[in-house]
1. Would you mind telling me which numbered condition in (1) closer than 19 Å to P27 by Cα; (2) surrounded by fewer than 20 Cβ atoms within 10 Å (Cβ to Cβ); (3) not acidic (D, E) V314 fails?
2. Check V37, V89 and return the single one that is outside any strand (DSSP E or B), among the β-branched types (V, I, T) and within 15 Å of the chain's Cα centre (by Cα).
3. List the pairs whose first member sits in region 296-310 and is on the phi > 0 side of the Ramachandran plot, whose second member is assigned to a strand (DSSP E or B) and surrounded by fewer than 20 Cβ atoms within 10 Å (Cβ to Cβ), and whose Cβ atoms are under 8 Å apart, counting only residues at least 6 apart or on separate chains?
4. Mind listing whichever residues of region 164-217 are free of Cβ contacts under 8 Å to residues at least 24 places away in the same chain and either β-branched (V, I, T) or more than 16 Å from L129 (Cα to Cα) (or both)?
5. In the list E246, E237, E259, which residue meets the criterion of being surrounded by fewer than 23 Cβ atoms within 10 Å (Cβ to Cβ) and more than 27 Å from the chain's Cα centre (by Cα)?
6. Please determine whether any residue of region 273-285 is surrounded by fewer than 23 Cβ atoms within 10 Å (Cβ to Cβ), under 22 Å from K31 (Cα atoms), touching a Gly at 6+ places or on another chain (Cβ under 8 Å) and not small (G, A, S).
7. The conditions are (1) in contact (Cβ under 8 Å) with a residue 60 or more places away in the chain; (2) part of a strand (DSSP E or B), and L228 fails exactly one of them. Which is it?
8. List the strands (runs of 3 or more DSSP E) that sit entirely inside region 111-203 and contain at least 2 residues that are in contact with an Asp or Glu (Cβ under 9 Å, 6 or more places away or on another chain) and modelled with pLDDT of 85 or more.
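The values are calculated or read from the model by the stated rules, or taken from the named source; none is laboratory data. As the structure is a computational prediction, the values presented were derived from the model and not from experiment. Methodologically, a virtual Cβ is constructed for each residue, glycine included, from the backbone with ideal geometry; neighbour enumeration extends over all protein chains shown.
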Amino acid sequence: MKALVLSGGKGTRLRPLTFTCAKQLIPVANKPILGYVLDQIAETKIKEAGIIIAPETGEYVKEYVKDGSAWKIKVTYIPQEPLGLAHAVKTAQNFLGNDPFIMCLGDNVTGQGVKKLVEKFEKEKLDSLILLKEVDDPSRFGIAQLDKKGNIIKLVEKPKVPMGNMAIIGTYLFSNKVHQAIERIKPSWRGELEITDAIQEMVNMGFNVRADVLNSWWLDTGKKDDILSANAKILDEYIKTNVQGETKNSTIEGRVQVEPTAKVLNSKIRGPCIIGKNVSVENSFIGPYTSIGDNAQVINSNLEYCVLMENVIVKNVERMEDSLIGKNAKVTKNSKCGTIKLHIGDFSEVEV
């Protein structure tokens, strides 16, 4: 079995960050989302992965993943214009050959991983296995309609009039029969080859298609608030107390990770949160669910529920919350104002 990881797309809902960064590389708990996806694939027996990349951001993905040796996976990069998930499978057909494969969205992570899904797919000799989760806003997702026995009746991509709330989330397993189905479908009203149409065609052709309902959490990081929620969930799940850096005249409460080269001076840190490498925190309060990327500086400021990427400077900000700050950005305060909430891209400067 192979893996196909989708790390393309334009990430329009996360602009301006995605003008200079693939959305799958935006960090949660100081690690790109794509890294968590590859971690879960590495837990299986899969040793080959094709990574779909976009022309605009593909080099950033290559810079992070490299040859895949960090995950003990051989990586092949496959450029694609974003014309739908089924189009991505079609583009990757030479890489996939006749092998079964798992397809994962590079900006989606689940709490259960993918190992058990792969084992179920192989044990039951399925042609497709999809993962479902109840959602509050069905119009944002592909939706599956099931009968009383849990069999798939119908699938629709982002329906204008939802016929249920069981969303198809970003993990799919296929045999090589999916290629036959893709050849039979046409672009949707969105102008894309939809993977939901391909799976529906597999059902129509009588192939062995099943669904599994996710009982743990699922992170779909398409917008700023999604990134912040994902950051909070990952911090809750994975961060343990590990304070190795300098913490002079400071108070550390709760589960906090401070990298060995970080400095926390005259400050208070309340977890769960993570302080990256070479970070300097001075005369500040870092509240729960905050991740501070490598080489950042936080001076005379109060932060809570924030994601700061690498080389960010925050200075003299009385209170910042619910904010996502891109690499090399600078936020300073020179006037009196209350709480600020920001979503700013790389190399930005904001004075308030």
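1. (2)
2. Working: V89 fails: within 15 Å of the chain's Cα centre (by Cα).
Of V37, V89, the one residue that is outside any strand (DSSP E or B), among the β-branched types (V, I, T) and within 15 Å of the chain's Cα centre (by Cα) is V37.
3. Between residues of region 296-310 that are on the phi > 0 side of the Ramachandran plot and residues that are assigned to a strand (DSSP E or B) and surrounded by fewer than 20 Cβ atoms within 10 Å (Cβ to Cβ), the close pairs are N300/E282; N300/K315; Y305/E321; Y305/D322.
4. If we filter region 164-217 for residues that are free of Cβ contacts under 8 Å to residues at least 24 places away in the same chain, which is where we start, we get 183-184, 186, 189, 201, 204, 206.
Once the filter is applied, which keeps residues that are free of Cβ contacts under 8 Å to residues at least 24 places away in the same chain and either β-branched (V, I, T) or more than 16 Å from L129 (Cα to Cα) (or both), region 164-217 yields E183, R184, K186, W189.
5. Values: E237 fails: more than 27 Å from the chain's Cα centre (by Cα); E259 fails: more than 27 Å from the chain's Cα centre (by Cα).
Among E246, E237, E259, only E246 is surrounded by fewer than 23 Cβ atoms within 10 Å (Cβ to Cβ) and more than 27 Å from the chain's Cα centre (by Cα).
6. no
7. So the condition that L228 fails would be (2).
8. On the way: elements: 128-134, 142-146, 152-157, 166-174.
In region 111-203, the matching strands (runs of 3 or more DSSP E) lie at 128-134, 166-174.
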